[in-house]
Every structure is written in C-alpha cells, then in structure tokens.
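To start, the structure itself, in structure tokens.
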Amino acid sequence: MDRGTKDHSRQCWIIDSFAFPGKQGTGNPAAVVLLASETNPNDADTQQWMKSVAIEFNLSETAFIWPCDRNDTHIQKRNDDDKLFHIRYYTCNGSEVDLCGHATLASASVVLHILGFGPGKKGVDDIFHAK
C-alpha cells in the first residue's frame, strides 16, 4: 500500500446493535469502517491497519466494509444495479473472525440508513459478501 499517495481518511460509525427503542446503552456496540473499493484485504499492511483500528476502537468487534468491484468474478450480482459490499470483522485484540451478528447488523444499518440504500430496497442477504 503506497502510504504517500493515498487518502487514508475513513468514515466510521459506532452503532448500538440490538438496542431497545428509547433505552440508550442497552445494545451491543460495534464499530463500522467504510473503506475504498480498491481495498485489498489480503495485503499485509491493510490487515495490520485493520487490526490496529479494531484494537483502538476497543469494542468487541469492528466491521470493515467496502464496495465490491464490478470485476469481482467470484461474486454473483443479480443485476448491474446491485450494490454489494465486502465485509471483514476484527476483535478488540486484533484477531479476525469469520462472522459477527451484531457487527453485521451495525454494517447493514450504515449501508441502508446512512449511505442511503434505504430500507426496503435490499435485503441484508443481498448486501454483504463475507470471507
């Protein structure tokens, strides 16, 4: 990763998943970090960066999401309008995990409500491509 020419600013959110309406602090928080579409999660520098960010957030899990590239041959889109995201999860000790329910829900909340893909436009099963 060329640290000299890339913009490393990232959008991130902390979402309280499974929270009861009107009762703050009753959920399970997860951080969600939006990455650039050209992110290579297999790059050692990128993996180290994601681990460091998850450790810094110090939440049980941090989800990293980035748009799937149109040229991803291993991902089937139903049509060209589909907006799919890769997702990876890291714990507060820097370990990568294969799946995390509340971090997936937090990521879906970001994609559907904050990034504007809106409720009713897609089901969660149509949004993410996990490892």
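Data table
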quantity: Accessible area in the full protein assembly, largest first, 1.4 Å probe, for H113, H102; calculated: H113, H102
quantity: Simple label model, 7 Å out from Cα along Cβ direction - K131 to K83, nm; calculated: 2.6 nm
quantity: E56, E61, E38, ranked by accessible area, largest first (probe 1.4 Å); calculated: E56, E38, E61
quantity: Cβ-Cβ FRET estimate between I55 and K23, R0 fixed at 35 Å, reported to 0.05; calculated: 0.75
quantity: Accessible area of D43 in the full protein assembly, 1.4 Å probe (Å², nearest 10); calculated: 40 Å²
quantity: Length released on extending from Q11 to L115, taking residue separation times 0.36 nm less the Cα-Cα span; calculated: 36.4 nm
quantity: Solvent exposure ordering (accessible area, 1.4 Å, most first) of K23, K131, K83; calculated: K131, K23, K83
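The values are calculated or read from the model by the stated rules, or taken from the named source; none is laboratory data. Keep in mind the model is a prediction, meaning the values are calculated, not measured. Cβ: placed from backbone, ideal geometry, glycine included. Neighbour counts: every protein chain shown. When the accessible area is computed, the model is the full protein with side chains, heavy atoms only, and any ligands, DNA or RNA have been set aside. Shrake-Rupley method; radii C 1.70, N 1.55, O 1.52, S 1.80 Å.
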